[in-house]
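Visitor: Sending over a structure as structure tokens; questions will come in a sec.
Rule-based calculations on the coordinates, nothing more; no lab input. In this text, all values refer to a predicted model and were calculated from it rather than measured experimentally. Note: ideal-geometry Cβ built from the backbone for every residue, glycine included; neighbour counts use all protein chains shown.
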Amino acid sequence: MTDSQLTAEVLLNLGFVDVGKWQPKGDSIAYALDGADASASEVLLDAPNALYAFVRDDHVVYIGKTARSIRKRYVGYCRPGKTQAPNQRCHRNITAATAEGTEIRIFVFTPITHLRYSDFEINLAAGLEDSLIRGFDPPWNGKDRGTRSPKTPNARKRKNPSLGHRVPFGSRRSGGAAGIRPGYGNLLGRARPYIL
């Protein structure tokens, strides 16, 4: 699917529900449930491990996930703390959009519960969030938008004083967790060595 095909309709086809919109409330913002079934939307806001998206003119501008309920998560957008950069960024963007008369719709997705692979529970919301953000590349997700470099498997790096340059964390040259491949085998105590 091309970027031009990734619209709010794609989210609706995945099972997201259009539950409401953001609106100004004094010097802050608040959400209003005005979807097709407002009472059902109330229930969606209390489900844990949910995904949500903010949509502006059929364009997805933000995708997020919460382990808590959506209702609890949205408090952070209404009243962001000083150290909550994503909340501040979304609050600022929502406030600016609603001040100019642009509607920001709220879509919610509550995934299948108790999805399992063998003995392990799968958090579908967590995996789906990553994939949706990669596909949609919403402008309100992440900092320094527009200058984002491609993600690499070893994005976290640290300085190795003996080599004088940055190396991937966990590589043999960095001195951290050398030769241990990440994966669920490590969780079970069966770390598998590999050569870098």
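Visitor: Give the aspartates and glutamates reachable from Lys25 as a straight Cα distance under 19 Å; neighbours fewer than 8 places away on the same chain don't count.
Guide: Asp34, Glu100, Glu103
Visitor: Working out 0.36 nm times the residue gap between Asp37 and Arg79, then minus their Cα-Cα distance, what length gain in nm do you get to one decimal?
Guide: Length gained between Asp37 and Arg79: 12.5 nm.
Visitor: Which three extents, in angstrom, do the Cα atoms of segment 9-77 have along their principal axes, listed largest first?
Guide: Here the spans come out as 35, 28, 22 Å, largest first.
Visitor: Something else now. Whole-Hz Karplus ³J(HN,Hα) for segment 31-46, in order, using 6.51 cos²θ - 1.76 cosθ + 1.60 and θ = phi - 60°, x for Gly and Pro?
Guide: Those phi angles translate into 9, 10, 7, 9, x, 4, 9, 4, 5, 5, 5, 4, 5, 4, 5, 9 Hz.
Visitor: Could you state the number of Å between the C-alpha centres of segment 91-130 and segment 70-87?
Guide: Answer, in whole Å: 14.
Visitor: Now a separate question. Please report the net charge: other residues with Cβ closer than 12 Å to the Cβ of Thr110, K and R +1, D and E -1.
Guide: So the surrounding residues net to 0.
Visitor: Hey, which aspartates and glutamates would be in cross-link range of Lys82, C-alpha to C-alpha under 19 Å, not counting anything within fewer than 8 residues on its own chain?
Guide: Filter leaves Asp27, Asp144.
Visitor: Within the set of other residues whose C-beta is less than 10 Å from the C-beta of Pro80, count the net charge using Lys and Arg as +1 and Asp and Glu as -1.
Guide: Value of the local net charge: +4.
Visitor: Estimate the FRET efficiency between Ala96 and Ile122 by the formula 1/(1 + (r/R0)^6), using the beta-carbon distance for r and 45 Å for R0, to the nearest 0.05.
Guide: Result of the calculation: an efficiency of 0.75.
Visitor: Right, next: Using the Karplus curve 6.51 cos²θ - 1.76 cosθ + 1.60 with θ = phi - 60°, work out ³J(HN,Hα) for each residue of segment 121-137 in order, rounded to whole Hz, and write x for Gly and Pro.
Guide: 7, 9, 8, 4, 4, 5, x, 5, 4, 4, 5, 5, 5, 4, x, 7, 6
Visitor: For Leu12 and Asn49 in one chain, what is 0.36 nm times their gap in residues minus the Cα-Cα distance, to one decimal in nm?
Guide: 11.5 nm is the gain from fully extending Leu12 to Asn49.
Visitor: Scan around Gly20 for amide H atoms under 5 Å from its own, H built in the peptide plane at 1.01 Å from N, and keep only partners 5 or more places away or cross-chain.
Guide: Counting only residues 5 or more places away or on other chains, the set is Asp34, Gly35, Ile106.
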